[in-house]
Amino acid sequence: MTGVYLHVPFCAKKCPYCDFYSCGYTKSAADAYTEAVCRNLTALPQNLEVDTVYFGGGTPSLLSDAAVSRMLDAVAKRCHLYHPEITLEANPRTMTEEKLCGWKRAGINRLSVGIQSFQDEILTVLGRNHTAKQGMDAIFRAAAAGFENLSLDLMLGLSLHTEAMLEEEIRMAVSMPVTHISVYLLKIEDETPYALETPDLLDEDNMAERYLYLHDRLTEEGFLHYEISNFAKQGYESRHNCKYWRCEPYYGIGPAAHSCYQGKRFAVPRDLSAFCAHTLQPTELTDDNPCSAAERIMLGMRLSDGISLSDFPDCRETLLRHAKPLIPKYLRLEGERLMMIPEGWLLSNSVLVSLMRGIL
Ligand code: SF4
């Protein structure tokens with residue numbers, strides 16, 4: 001089954017840490033974008049079997065519910081949808097009751113809400129355009145509108161974030177009616193305002209301690225740490241994002257969207273005007289042989305159920321030999337399954353280098 005990813009390149013305000021492609025929202029730009037997405041959907045094979053659709057961004061929730069509905073109708077017209085998970089990333093300030101009901105009617109059944117923090121002090125430094133209260137209200141409004149599959153994002157890494165504040169983030173997050181929590185560690189990306197003026201960040205030891213604490217606390221609260229940065233209640237893992245980690249096919253539409261489809265990886269240039277001007281989106285080939293053994297190992301080890309050694313007959317013995325000294329400190333082996341434990345995820349780059357010597 002294939003996933004469809006729609007990159008919605010609009011944001012009301014640029015956050016200083018973010019290097020995702022986006023530009024300002026105008027109704028006319030959004031209309032042109034919506035038309036271009038619908039045109040591009042007609043390039044997909046007729047009756048493509050699709051089980052996930054993901055509106056990512058940018059800030060997809062800036063779009064009108066009519067635009068979301070139009071694009072979903074175009075997906076449904078072209079593809080065979082099988083019990084699809086249909087996610088929309090939303091900013092709390094845009095989550096009005098009217099939009100929530102419209103998205104629900106259109107078929108959205110999962111919302112991923114960019115809360116980032118439950119504390120105004122942190123939100124201010126992160127340059128977010130909403131308060132903690134607006135974030136919480138938005139989650140409750142979404143639940144009241146009937147969204148049962150709700151995810152929230154948290155951002156950690158500022159040294160301002162004391163241990164007590166982290167505890168408060170966790171306490172608030174688990175008190176929300178959510179089924180999924182993503183936790184991102186703040187990274188300074190080139191050519192962002194944070195690269196020019198970097199806020200004080202936690203040092204590595206402190207960060208490691210917080211990560212392990214977060215793992216313990218969220219696990220205690222019934223969330224499975226199913227991927228290096230993601231926690232979910234049983235059965236609520238992001239089906240769409242799991243496709244990336246399992247090297248399953250997905251087709252991306254929109255400026256800056258990526259695809260792994262029909263044995264190739266390709267990307268759409270980060271240019272909204274070019275995307276709208278072309279009948280079909282221009283694409284750049286980024287990899288003509290994706291999903292090599294090395295890539296499947298690197299991506300698979302992000303997941304708590306890791307990889308099955310029997311899927312790698314050519315390098316099974318090498319993997320096993322390299323894994324042994326890393327067990328039990330960083331890795332676990334259960335039958336044929338090899339997986340990282342949180343201590344391994346913390347040092348995932350060096351663990352992978354040791355594991356994959358001679359395979360890369
Ligand atoms: S973090 Fe989200 S809202 Fe902020 S600029 Fe990036 S995509 Fe836009």
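The values are calculated or read from the model by the stated rules, or taken from the named source; none is laboratory data. This is a predicted model, so every value here is computed, not measured. Every residue, glycine among them, receives a Cβ derived from its backbone with ideal geometry; neighbour counts consider all protein chains shown.
Summary table
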item	result
Qualifying helices (runs of 4 or more DSSP H) (wholly inside region 155-241; at least 2 residues being closer than 27 Å to GLY306 by Cβ and not assigned by TED's automatic domain parsing to the domain that holds SER348)	163-175, 204-220
Matching option when the condition is over 29 Å from HIS240 (Cα atoms), surrounded by 16 or more Cβ atoms within 10 Å (Cβ to Cβ), in contact with a Ser or Thr (Cβ under 9 Å, 6 or more places away or on another chain) and not aromatic (Phe, Trp, Tyr), among HIS180, HIS161	HIS161
Which listed residue is assigned to a helix (DSSP H, G or I), more than 10 Å from the ligand (Cβ to nearest atom), modelled with pLDDT of 95 or more and of a type outside the set (A, V, I, L, M), from ASP31, ASP51	ASP31
Matching option when the condition is within 16 Å of the ligand (Cβ to nearest atom) and either of a type in the set (D, E, K, R) or under 16 Å from the mean Cα position of the chain (by Cα) (or both), among CYS11, CYS18	CYS18
Residue check for PRO290: in a loop (DSSP other than H, G, I, E, B), closer than 23 Å to MET356 by Cα and modelled with pLDDT under 95	yes
Listing of helices (runs of 4 or more DSSP H) fully contained in region 63-139 that carry 2 or more residues being at pLDDT 95 or above and in contact with a helix residue (DSSP H, G or I) (Cβ under 6 Å, 6 or more places away or on another chain)	65-78, 97-106
Near pairs, Cβ below 8 angstrom, 6+ apart or cross-chain, from region 16-33 (closer than 30 Å to ASP200 by Cα and assigned by TED's automatic domain parsing to the domain that holds ASP190) to any residue that is within 11 Å of the ligand (Cβ to nearest atom) and acidic (Asp, Glu)	TYR17/GLU189; CYS18/GLU189; ASP19/GLU189
Residue match in region 108-130 (condition: away from the ligand (no atom under 16 Å from the Cβ) and of a type in the set (Gly, Ala, Ser))	no
Any hit, region 337-345, residues being part of a loop (DSSP other than H, G, I, E, B) and either in contact (Cβ under 8 Å) with a residue 60 or more places away in the chain or under 30 Å from LEU41 (Cα atoms) (or both)	no
Total residues in region 60-91, condition surrounded by fewer than 24 Cβ atoms within 10 Å (Cβ to Cβ), within 13 Å of the ligand (Cβ to nearest atom) and within 20 Å of ALA32 (Cβ to Cβ)	1
One residue from ARG110, ARG105 being surrounded by fewer than 15 Cβ atoms within 10 Å (Cβ to Cβ) and in contact with a Ser or Thr (Cβ under 8 Å, 6 or more places away or on another chain)	ARG105
Residue in region 92-99 that is more than 14 Å from the ligand (Cβ to nearest atom), assigned by TED's automatic domain parsing to the domain that holds GLN134, touching a residue at least 12 places away in the same chain (Cβ under 8 Å) and buried (at least 18 other Cβ atoms within 10 Å of the Cβ) present	yes
Residue check, PRO45 more than 10 Å from the ligand (Cβ to nearest atom), more than 17 Å from the chain's Cα centre (by Cα) and in a loop (DSSP other than H, G, I, E, B)	yes
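Listed here are the residues, each with its yes/no results for (1) touching a strand residue (DSSP E or B) at 6+ places or on another chain (Cβ under 9 Å); (2) at pLDDT below 95.
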{"position": "GLY263", "(1), (2)": "no, yes"}
{"position": "PHE266", "(1), (2)": "yes, no"}
{"position": "ASP271", "(1), (2)": "no, no"}
{"position": "LEU280", "(1), (2)": "no, no"}
{"position": "ILE307", "(1), (2)": "yes, no"}
{"position": "PRO328", "(1), (2)": "no, no"}
{"position": "LEU333", "(1), (2)": "yes, no"}
{"position": "ARG337", "(1), (2)": "yes, no"}
{"position": "GLY344", "(1), (2)": "yes, no"}
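Condition check ((1) surrounded by 13 or more Cβ atoms within 10 Å (Cβ to Cβ); (2) under 24 Å from the mean Cα position of the chain (by Cα)) across all residues:
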| site | (1), (2) |
| --- | --- |
| LEU280 | no, no |
| THR283 | yes, yes |
| LEU303 | yes, yes |
| ILE307 | yes, yes |
| GLU317 | no, no |
| ILE327 | yes, no |
